[in-house]
Amino acid sequence: MSGNPLNAIFQCAYELTESIKSKLKHGNPSQEQVEALNESLDLATTITYCANHQKRIVDDVLTLSKLDARLLQIYPETTNPIKLYKEILGLFAPEIRASRMNTNFMVGEGYNRLDVKHVMIDPNRVTQIVINLLSNAIKFTKKGKKRDLEMTINAHLEEPANRPMGTRYVPSGVQHQDPTGLSEWGHEEVLYLSFAVKDSGLGMTPEEASNLFQKFSQASPRTHTQFGGSGLGLYISRNLAELHGGRIGLSSQAGFGSTFEFYVKVRRSEVLEVATQSGDDPAPGDASRHMIITSPIMQQVQPVHSPERSTSGAPSSSQKHVLVVEDNLINQRLLCKLITKQGYDTTAANNGEEALAFIASSTWNPVHTKEDSDIVPTIDIVLCDIEMPIMDGKTCVRRVRQLQQEGLLTLDIPIIAITGNARLEQVEEMRQCGFDDVVTKPYKINKLLKVIEQYVGKRDDPSPTAVS
């Protein structure tokens, strides 16, 4: 992908924030410098917050387009729901602190009684709904005299129903296929997870509440005048909840705040949970890869440009080496710098052809051995963009897998796709090409590091001076 400015903004803000924190902690600054650094830290935090807000707007527009084109799908992953909910709440921590709001996170009796651990759920779509609900709750509460926010998660064996004096669900009337009936959801027990966000804000009259969940519709004209917004968030949230086998609704009283609640249909993920606990990593050399190109001749692949290499210090035998394949020089430089600061050795290639040449000259080529690593580079994992000139990421990974199949490269090079193409069919296509995993842009560096660690093990602990 030649340019995703949000991704670069996230990574620049992250690097700036970490650099300032390091200077404050290890730089022994003067009082004047501390004040300047704290002011700069506030500005960097604001950049991150605004980038997150912009990402939510972009996500809503893209989701609306996919809904209109009937292209939106639910993509399940093994997820810890409580951890997911708390991570979403963490996105709003700076705004909540600045607004001096009181927050309370509650786990319902049903969740504990059913002993829910991990479930098959689409974390991205659930995150999108919760972000919309939390954004609204904070917006309508942060300027009030009473500033309380309560988040609840619960689990049920039966589909939740309207409750007297409680949540009234507002279905769209559109019928959707039961997502949990598809094979990728597994065959464990079906559950319903409910997520509620309760605020002490303005609340609504029944007439105002009836205007919600429609496209470009808000409670009243004064809502847009006083608080802004597009009127898309709740409309999108209802569609996402229903695609996930659930519904969304509310309970509100003017002057006493509102509670928005939705539920989704999920399945337990007990088998995957056990595999995770045992420490088993997914096999990078998955047998489902499809080899769909003719055999290239390795000797014909010549580098157009010598890949740029950087290290976090003196190379060691335990230091892991990451090959970054990215044509956007800004994203390439940022990613290499961030990974290097975490204790990895990195090499950058501008396209798939350069990457293939570098891999062919590494210890993955059976003519070399690990003992040659002082003179021949060792690659532990490849992070590869998809849309690049000369040779794109999908062509590159297909050729690598073909070379492995022919014995011209050692088996099982972990290759991770980094892309802005996140539709289910696009992700599946990338896996079929031979990618071991897919990380979507814009990504958080910590999430990417977890993926790297999953395939190559824990990184060396970076020294305190690694972040400058």
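The values are calculated or read from the model by the stated rules, or taken from the named source; none is laboratory data. In this text the structure is predicted, and so the values were computed from the model without any measurement. No Cβ is skipped: glycine too gets one built from the backbone with ideal geometry, and neighbour counts run over all protein chains shown. The area values use the complete protein model at the heavy-atom level, side chains included, leaving out ligands, DNA and RNA. Shrake-Rupley method; radii C 1.70, N 1.55, O 1.52, S 1.80 Å.
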Worksheet item: Does R125 satisfy the criteria of being within 26 Å of E242 (Cα to Cα), under 27 Å from the mean Cα position of the chain (by Cα) and basic (K, R)?
Response: yes
Worksheet item: Residue check: is G166 out of contact with any helix residue (DSSP H, G or I) (no Cβ under 6 Å at 6 or more places or on another chain) and open to solvent by less than 50 Å² (accessible area, probe 1.4 Å)?
Response: yes
Discussion item. Quick check on my filter: what residues within the range 141-194 are over 29 Å from F92 (Cβ atoms) and hydrophobic (A, V, I, L, M, F, W, C)?
Written reply: L157, A161, V174, L182, W185, V190
Discussion item. Considering only residues that are of a type outside the set (S, T, N, Q) and open to solvent by 70 Å² or more (accessible area, probe 1.4 Å), which ones fall in the range 121-154?
Written reply: K143, K145, K146, R147
Worksheet item: Across the range 95-119, what is the number of residues that are of a type in the set (A, V, I, L, M, F, W, C) and more than 18 Å from I138 (Cα to Cα)?
Response: 4
Discussion item. Could you list, ordered by first residue, the pairs with Cβ atoms under 6 Å in which the first is in the range 395-410 and open to solvent by 20 Å² or more (accessible area, probe 1.4 Å) and the second is at pLDDT below 90 and of a type in the set (D, E), at least 6 apart or interchain?
Written reply: none
